[in-house]
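S.K.: This is the structure I want to talk about, given as structure tokens.
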Amino acid sequence: MRIDKFLWCIRYYKTRSIATEACKKSHVKVNGAIVKPSREVYATDKIELRKDQIQYQLIVNDLPPNRVSAKLVDLYRTDITPKEAFEAQDLLKYSKDYYRKKGSGRPTKKDRRDIDDFHEDPNSLNQP
């Protein structure tokens, strides 16, 4: 089975064309090698894919006959993604909370004071 079809069948990508684009952009590796969308995948292959800034790692257990339901995905793959990858995603989400949305206008006086306090030099606090 083709790698793009496999990733679509086990529901890592919503459409097959999105899976194909991910392969073309070198976001998918099989056994450590960057692959084209037409690369055949077999049982026991190790797949690494980058999606939503997370580096997923999978082991192929079996090849599905067609797209499977979410409940049956675990029959066809084993997810060996380290938990640190998901924790890094959470930290990234929290760091983005501070930034203002585009088009929300100029910073208010309070926003400006918060920015100044954040960037304030720690040595200047000790001087009179």
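Where a number appears in this text, it was derived from the coordinates with a stated rule and is not lab data. Remember, predicted model here, so these are calculated numbers, not experimental data. Reconstructed Cβ throughout: ideal geometry from the backbone, glycine too, with neighbour counts over all protein chains shown.
S.K.: Any residue in segment 1-13 that is closer than 14 Å to ILE59 by Cβ and in contact (Cβ under 8 Å) with a residue 40 or more places away in the chain sitting within a Cβ distance under 8 Å of a residue that is of a type in the set (Phe, Trp, Tyr) and part of a strand (DSSP E or B)? List the pairs, counting only those 6 or more apart or interchain.
M.R.: TYR12/TYR56
S.K.: Name the residues in segment 21-62 that are within 11 Å of PHE6 (Cα to Cα), of a type outside the set (Val, Ile, Thr) and surrounded by 16 or more Cβ atoms within 10 Å (Cβ to Cβ), would you?
M.R.: Of everything in segment 21-62, those that are within 11 Å of PHE6 (Cα to Cα), of a type outside the set (Val, Ile, Thr) and surrounded by 16 or more Cβ atoms within 10 Å (Cβ to Cβ) turn out to be PRO37, ARG39.
S.K.: Here is a further query. Quick check: is even one residue across segment 44-51 farther than 21 Å from PHE86 by Cβ and not small (Gly, Ala, Ser)? Even if it seems obvious, please write down each step before you answer.
M.R.: Quick first cut of segment 44-51, residues farther than 21 Å from PHE86 by Cβ only: 44-45.
Among the residues that remain, those that are also not small (Gly, Ala, Ser) are: 44-45.
Yes: segment 44-51 contains one or more residues that are farther than 21 Å from PHE86 by Cβ and not small (Gly, Ala, Ser).
S.K.: Inside segment 11-63, can you point out the residues that are in a loop (DSSP other than H, G, I, E, B) and of a type in the set (Val, Ile, Thr)? It would help to see each step written out before you state the result.
M.R.: Taking segment 11-63 first, the residues in a loop (DSSP other than H, G, I, E, B) are 11-15, 25-27, 31-32, 35-39, 41-45, 52-53, 61-63.
Selection gives THR15, VAL35, VAL41, THR44.
S.K.: Can you report the number of residues in segment 12-35 which are charged (D, E, K, R) and touching a helix residue (DSSP H, G or I) at 6+ places or on another chain (Cβ under 6 Å)?
M.R.: Counting residues in segment 12-35 that are charged (D, E, K, R) and touching a helix residue (DSSP H, G or I) at 6+ places or on another chain (Cβ under 6 Å) gives 1.
S.K.: Sticking with this structure for a sec: Tell me which residues, restricted to segment 69-85, are without any contact (Cβ under 8 Å) to a residue 40 or more places away in the chain, surrounded by fewer than 11 Cβ atoms within 10 Å (Cβ to Cβ) and assigned to a helix (DSSP H, G or I).
M.R.: Residues satisfying the conditions are LYS71, LYS83, GLU84.
S.K.: Of (1) surrounded by 12 or more Cβ atoms within 10 Å (Cβ to Cβ); (2) in a loop (DSSP other than H, G, I, E, B), ASN66 satisfies all except one. Which?
M.R.: Result: ASN66 passes all but (1).
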